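Working notes, structure below.
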Amino acid sequence: MRLLIMGPQGVGKGTQAALLATHYDIPAISTGDIFRYNIKNKTPLGLEALSYTDKGELVPDTLTNTIVKDRLAMDDTANGWILDGYPRNAAQVEALDAMLADLGQSLDAVVALEAGRDVLLERMAKRAKEQGRSDDTPEAIAKRLETYEKETAPLLDIYKDRGLLITVDGVGDVDAISQTIIEKLDANVKAS
């Protein structure tokens, strides 16, 4: 199973990616986690990424594409993977298409989680408090949500046109949301 999990920040992508990864026994790959690891360990990549995230900006495509391509080529992805937080714009969709072609792979599905802006803001404020994340200031959160609406949300139409999009309400019981995703994924994959 090779899939993308998409949606605005705070919708629960990371939580659902982890549950799906366990269910399908494939790695969940979060570009955000990769960057946070590098930032925490003050690697050159981390310091470069920090210069963007501290201002509420997204890390440039060139940096992100390189990390994703290297990660998808690792041995543990042979049976599939879940990408969380990528692609986030049209250029990255093209980059991902090229990566998959190089690897002889294709996407099985794109899961889009949805929630209202008020729910997202509440969740991210709680996450910032619990995890002490410097990139979850109210200003940075608002900027990331605006960027998502402008650059990433339109990508859902691309995947809908390809017949890969599965939309799920991201509000409610975490396990019930996960079960809904699994049922829709399994039905979608059987149908194709």
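We did not get these values from a lab; they are worked out from the coordinates using the rules stated. None of these values were measured; they are calculated from a predicted model. All Cβ positions, glycine included, derive from the backbone under ideal geometry; neighbour counts span all protein chains shown.
At-a-glance table
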item	result
For the chain, radius of gyration divided by Kirkwood radius, i.e. Rg to Rh on alpha-carbons	0.94
Most mobile listed residue (Tyr148, Tyr86, Tyr37) in the chain, GNM with C-alpha springs under 10 Å	Tyr37
Spin-label zone in the stretch 59-77 - amide nitrogen under 20 Å from a point set 7 Å from the Cα of Glu146 along the C-beta vector	59-61
Gain upon complete extension [Ala101, Lys42; 0.36 nm per residue less C-alpha separation]	17.9 nm
Simple label model, 7 Å out from Cα along Cβ direction - Asn79 to Tyr52, nm	3.3 nm
Ratio of Rg to Rh over the stretch 109-192 (Cα coordinates, Kirkwood Rh, two decimals)	1.04
Relative contact order for the chain, counting Cα pairs under 8 Å that sit 6 or more residues apart, in percent	33 percent
Filter on Lys55/Lys184; Lys55/Lys160; Lys13/Lys160; Lys40/Lys69; Lys129/Lys184; Lys129/Lys160 - keep pairs with C-alpha separation over 27 Å	Lys55/Lys184; Lys55/Lys160; Lys129/Lys184; Lys129/Lys160
Inter-label distance, nm, simple model (7 Å from Cα along the C-beta direction), Lys129/Lys184	3.0 nm
